[in-house]
Amino acid sequence: MATSNIPEKLKELLQHDNYDFSMVQVLDPEGNVVDKDLLPDLSDDELVQLMERMVWSRILHERSTALNRQGRLGFYAPTWGQEASQIGSVSPLTEDDFLLPGYRDVPQLVIHGLPLHKAFLWSRGHMEGSTYPEDFHAYPPQIIIGAQYIQATGVAMALKIKGKEAVAVTWTGDGGTSQGDFYEGINAAGAYRVPALFFIQNNGWAISTPRSQQTHAKTLAQKAVAAGIPGIQVDGMDILAVYAVTQAARNIAIEDNMPVLIEAITYRYGPHTLSGDDPTRYQEEGTQDEWRAKDPLIRFRKFLTAKGLWSDEKEEEVIERTKEEIREAIKQADATPKQKVSEFLEVMYETPDFVTQEQIEYYKAKESK
């Protein structure tokens, strides 16, 4: 078992034969420290950066929603409420770690280094939005639910073979754990002992299907037991807890070649996507009020304010800076040349068959007129 820089409690919870899946928490909803032994070793500047990233993510959500309604973005999956689970899980990673996000995990990609305008182009279905440089270690967001778990195992296997001190990290929602790919991915990762982190953002709902109808398991973290790998549950509205657990899991994944399954208990205030879902039709009245009291930004804001590290003025600066970043990214996305049908056809196969080649030539001739 890897032991360096891991709190004793997390060492115990991250044993593959541990059966305690009680939720790890550092801050309560009022921003008070409930377990000082689990506080990650972060400087004041690093703590502030976490808050800045969460504020950035929330403004990105708000502006992306508005842009979608204006017809300036295509597909969009809200992230409102999941800032701590997303930012807290990507911030301990390094540029050498490989990200395999789901379609809701655009913030992690941007934090990892993806230019924001490319994220907007991906939303529009533009190929440039999925074209990454070789030194950017990530795949574009996966649309097929749970498929990224199998891919993460393959990437982690490659990292192990190459002797890289890096991990493959992937995310899915609670609904993703009902997919066969989820089980196949974690089982293969455990069998081959590869450095992978499997992150579950348990929002309690897979669109309109409640978690209670997806599985009779008491927790989703305990699904790791069948694969022989560590599983741990964390308060997904507490960014310090998510950071601490992810950091410890990454350490173990690299030092022990041991994949880890992390379940973050979180809540998304908005719909599943902006394509017609309405959570008020199937969730009980008052559900959102209960979760808003646990809001990750409010919680961390109180913690930082008490330490003298945050203020309304500083938050407003971050908001305005983020809005300007989004304006520039949209301009850049708008300036990207529109795609051509011939280009779509050209990337279908490495060597086009006769029919496809005929179509390519037809559309190129048509597009040149």
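The values are calculated or read from the model by the stated rules, or taken from the named source; none is laboratory data. This is a predicted model, so every value here is computed, not measured. Backbone-built Cβ (ideal geometry, glycine too); neighbour counts: all protein chains shown. Just so you know, the surface numbers come from the protein's heavy atoms only, side chains and all, with ligands and any DNA or RNA stripped out. Shrake-Rupley method; radii C 1.70, N 1.55, O 1.52, S 1.80 Å.
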Go through Lys11/Lys118; Lys118/Lys160; Lys9/Lys294 and tell me which ones have a Cα-Cα distance over 27 Å in this structure. Lys11/Lys118; Lys118/Lys160
In the chain the accessible area split gives carbon plus sulfur, as whole percent at 1.4 Å, a share of 49
Where a ≥ b ≥ c are root eigenvalues of the Cα gyration tensor, a/c under 1.5 meaning rounded, otherwise prolate if a/b exceeds b/c and oblate otherwise, the stretch 231-336 counts as rounded
Glu290 paired with Glu313, simple spin-label distance in nm, labels 7 Å along Cα-to-beta-carbon: 4.1
Using the Cα gyration tensor of the stretch 206-247, with a ≥ b ≥ c the square roots of its eigenvalues, what is the shape: rounded (a/c below 1.5), prolate (a/b larger than b/c) or oblate (neither)? oblate
Probe 1.4 Å, heavy atoms of protein chains only: per residue, the accessible area of the chain in Å² is 47
For the stretch 8-338, size of Cβ-based charge dipole, Lys and Arg +1, Asp and Glu -1, in debye: 920
When the charge dipole of the chain is computed with +1 at the Cβ of Lys and Arg and -1 at the Cβ of Asp and Glu, the Cα pointing farthest to the positive end, of Met348, Ile319, Val169, is that of Met348
Using DSSP to define loop residues, name the GluC sites (Glu not before Pro) in the stretch 33-100 whose beta-carbon has at most 14 other beta-carbon atoms within 10 Å. Glu95
Rounded to two decimals, what ratio of Rg to Rh does the chain give with C-alpha atoms and a Kirkwood Rh? 0.98
Extension gain, Glu184 back to Thr356 (0.36 nm per residue minus Cα-Cα distance, nm): 58.5 nm
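Two-decimal Rg/Rh of the stretch 97-252 from alpha-carbon positions, Kirkwood Rh?
Over the Cα atoms of the stretch 97-252, Rg/Rh equals 0.95.
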